1. Using the Karplus curve 6.51 cos²θ - 1.76 cosθ + 1.60 with θ = phi - 60°, work out ³J(HN,Hα) for each residue of the stretch 326-334 in order, rounded to whole Hz, and write x for Gly and Pro.
2. When a footprinting reagent is the concern and you count Cβ atoms within 10 Å, what order do VAL124, VAL41, VAL447 take, fewest first?
3. Fully extended, how many nm does the chain gain between LEU161 and GLU552 (0.36 nm per residue separation, minus their Cα-Cα distance)?
4. Could you rank the peptides 648-657, 579-588 by their average count of other C-beta atoms within 10 Å per residue, with the highest value first?
5. Along each of its three principal axes, how wide is the spread of alpha-carbon positions in the stretch 611-660, in whole angstrom units, largest first?
6. Rank-order 552-561, 81-90 by packing density, defined as the average count of other C-beta atoms within 10 Å over each peptide's residues, highest first.
7. How far is the Cα center of the stretch 693-709 from the Cα center of the stretch 216-284, in Å?
8. Rounded to the nearest 0.05, what FRET efficiency is calculated for SER577 and ILE128 with R0 set to 56 Å and r the Cβ-Cβ distance?
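Nothing in this text is a laboratory measurement; each read-out follows from the coordinates by a stated rule. Predicted model only: the values in this text are computed from it and were never measured. For neighbour counting, all protein chains shown are included, and Cβ atoms are generated from backbone atoms with ideal geometry for every residue, glycine included.
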Amino acid sequence: MQDYYLILVIILGILAIIDLMVGVSNDAVNFLNSAIGSKVVSFKTLMIIASLGVAFGAMSSSGMMEVARKGIFNPEMFLFSEIMIIFIAVMITDILLLDLFNSYGLPTSTTVSIVFELLGAAVVISIIKISANSDALLDLSTYINTSKATQIIFGIFLSVLVAFSIGALVQFLSRLVLSFKFEEKKKWLGSIFGGIALTSIFYFIVIKGLKGTPYSSTSFDILNGSTLSNYIDNNLISIVIGSLLLLTLLSYLINSILKVNIYTIVICVGTFALALAFAGNDLVNFIGVPIAGYQSYLAWVGSGVEADAYFMGALSEKVAAPTLILLGAGVIMIITLWTSSKAKSVIKTSIDLSRQEETIERFEPNFISRGLVRLGSYFQESFLKILPNNSINFIERQYIKPKVNTLILRKDRPAFDKIRASINLVVAAILISIATSYKLPLSTTYVTFMVAMGTSLADKAWGSDSAVYRVAGVVNVIGGWLMTALIAFLASGLIASIIYYFGQYGLYLLVLIVAIVLTKNYFTHKERRIKEIEEEELELIESKSIKGVIFESSKNITKFSKRINNLFKNLLTGISSKNISLLKDSESIVNKLDKDVDLIANNVFYFIKNLDEVTSQSASNFHMSVLESLENITRLTQSLLKSSSKHFKNEHRGLTFQQLKELKELEGDLELFFNKVIETFESKNYEQIQSIFNIKESVSFSLESKIKAQISRTKDKDSSPRNTRLYFEILKKTKKITDSYIEILELYSENYDNKINAWIFDSA
């Protein structure tokens with residue numbers, strides 16, 4: 001029997017490594033968001049800073065391991081065999097849940113996951129024990145550490161409100177003092193900001209963080225034999241004041257002598273601090289349970305008692321996590337941070353919801369977001385009524401935004417400025433560090449996200465045109481978090497019951513399922529990434545002149561035409577082979593293309609606003625005409641795919657041999673047409689446009705002849721109303737698509753001749 005439990009410990013160890021990988025992939029966004037959004041340093045520099053923070057945080061996280069051993073349940077009430085079932089169930093659930101979210105690029109909370117998984121598995125095993133002993137269900141409180149569990153759960157969800165409120169308040173006060181033109185303020189003002197920010201980080205990360213490590217109880221000669229913890233307690237005020245003065249002076253010297261922007265320093269240090277706080281707080285989420293399982297195994301082996309008779313009161317004792325294990329976990333986290341493609345796929349949501357500039361919104365409004373925006377507007381109006389006019393005018397002056405540098409492309413501009421990035425990092429790091437020092441596992445995802453949302457609100461990033469969309473985004477994210485808690489609780493309980501009732505066979509089956517799911521998700525994600533690369537997204541047009549608009553939009557026509565060409569191939573292949581799956585997949589692809597075109601259409605306001613006055617009218621007309629044709633082509637392709645998919649889903653008769661033969665001919669004609677279009681726009685050799693006109697005439701003639709042929713054979717026995725209708729629809733809409741392409745080509749031909757050639761002549 002000992003061999004079986006040794007296998008369980010080994011499985012826990014393997015699951016811990018996997019959990020570290022999937023967990024970091026999910027949570028990396030939490031400490032990278034602000035620095036990436038502000039674009040203050042290169043990505044490589046940022047990753048080095050974050051890696052150092054993770055390494056130091058991993059070494060100081062042992063205090064949090066208490067949560068895994070006794071934070072949720074009372075270990076003395078469970079037998080060793082039952083404890084191991086709980087731990088295994090938790091790890092399997094955690095890996096499956098986090099990997100699922102990662103595969104679809106959705107951030108979730110690893111803290112909430114682990115807490116509710118522990119609770120779910122422990123509750124199920126407790127209920128089984130209660131039933132076996134014929135006890136009352138009310139006895140559940142003797143098995144579950146209800147006070148501590150309630151405290152932890154309450155702390156997690158309270159962090160949403162606290163993080164949002166404090167983030168908003170600190171950002172508002174900072175903006176009142178520094179305004180949006182903080183770079184123009186006196187250097188001493190920025191130095192004070194830097195001193196306060198760095199002191200806050202130093203106090204809560206170094207002082208509070210160190211007190212939670214095993215080193216806090218160690219005596220040092222340099223401290224006159226006093227322990228680190230006692231020294232900090234006895235000299236707290238002096239340490240804080242001294243740090244504030246020293247770091248403020250250092251900030252001034254860095255700013256004045258070295259000419260290094262102090263806000264950049266704060267962001268870099270804040271990223272380090274948040275990465276450290278993340279590792280210190282969240283490492284327990286990944287290895288706390290396996291370590292507790294390993295320590296349980298050692299205690300049981302040393303007892304000489306049967307697994308079904310040994311109660312796990314030993315877990316109630318304070319045991320430090322092995323330093324080597326913590327170091328190894330830190331190394332795995334750092335490697336994953338650098339190599340995981342999934343870690344890079346979950347960052348966009350938070351940045352888009354906190355972006356300072358007006359942008360294309362990702363979320364649709366709902367009744368909750370509309371209600372919250374209305375309520376917020378009411379409170380704002382009520383607050384302004386009681387404020388003196390002088391105060392209102394002062395606030396408005398401090399919130400005057402600097403002119404956007406339109407020479408920098410929109411995609412390369414920072415999402416928000418250095419002040420907001422600094423506040424995001426400092427406030428989040430402080431909140432997480434406070435929780436860690438009190439052994440309360442806050443959700444780093446909740447804290448960092450809600451701080452960012454709070455600072456966005458305070459910075460008026462949620463304007464009248466965007467508030468309802470961005471609040472909807474926040475509501476959707478929070479709703480996803482609540483679902484995480486519920487799914488984690490139920491899934492963990494289910495897996496625990498499977499292992500309890502089916503023993504080794506249930507366990508090995510679940511491990512096999514984990515292996516299959518991880519492998520499948522890995523390849524699915526990889527395929528999705530490849531597909532995303534192949535399906536290049538259309539880019540927003542940001543040129544100021546008609547010449548730039550023509551050349552820049554050519555890239556979009558090239559990308560668009562490649563995707564339409566592939567869609568037509570899939571359409572004709574799907575119809576020929578009655579492949580419903582291929583047609584449905586193509587529907588998804590064309591819907592994505594439709595969204596891309598809509599994004600450009602929604603950006604028309606910013607496009608026109610950015611244009612030179614001289615060329616504004618001609619460039620606007622050109623851009624909107626091209627856009628209209630792209631929209632027509634997309635909608636027609638959508639309609640074709642939808643009709644074809646519906647035809648075969650309804651089990652209607654397929655096309656006849658002759659119809660399929662003609663479609664094969666059409667495929668060749670269209671291939672030639674699209675390839676010529678792609679070649680022309682990719683090379684920007686618009687003189688080739690005339691040759692495309694000739695190809696189009698050939699395609700039109702081919703389509704007309706096929707329509708006439710189908711009319712002639714409508715009385716054939718092989719024909720049916722349904723397949724005739726489908727065939728006519730394919731031919732007629734294909735003709736409309738090629739006609740729309742001709743409209744685009746005529747626009748380019750006309751504007752190239754009239755605008756580009758004139759520009760070249762004038763330049764000469």
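1. With the stated coefficients, the stretch 326-334 comes to 4, 5, x, 5, x, 4, 4, 4, 5 Hz.
2. Working: VAL124 22, VAL41 17, VAL447 32.
Arranged by neighbour count, lowest to highest, VAL124, VAL41, VAL447 become VAL41, VAL124, VAL447.
3. On the way: separation 391, 0.36 × 391 = 140.76 nm, distance 4.46 nm.
Taking LEU161 through GLU552 to full extension adds about 136.3 nm, to one decimal.
4. Values: 648-657: 14.1, 579-588: 17.1.
Output ranking for 648-657, 579-588: 579-588, 648-657.
5. 58, 22, 8
6. Details: 552-561: 20.4, 81-90: 26.6.
Most protected by this proxy first, the peptides run 81-90, 552-561.
7. If you average the Cα positions of each part, the centres end up 76 Å apart.
8. On the way: r = 52 Å, r/R0 = 0.93.
According to the calculation, E is roughly 0.60.
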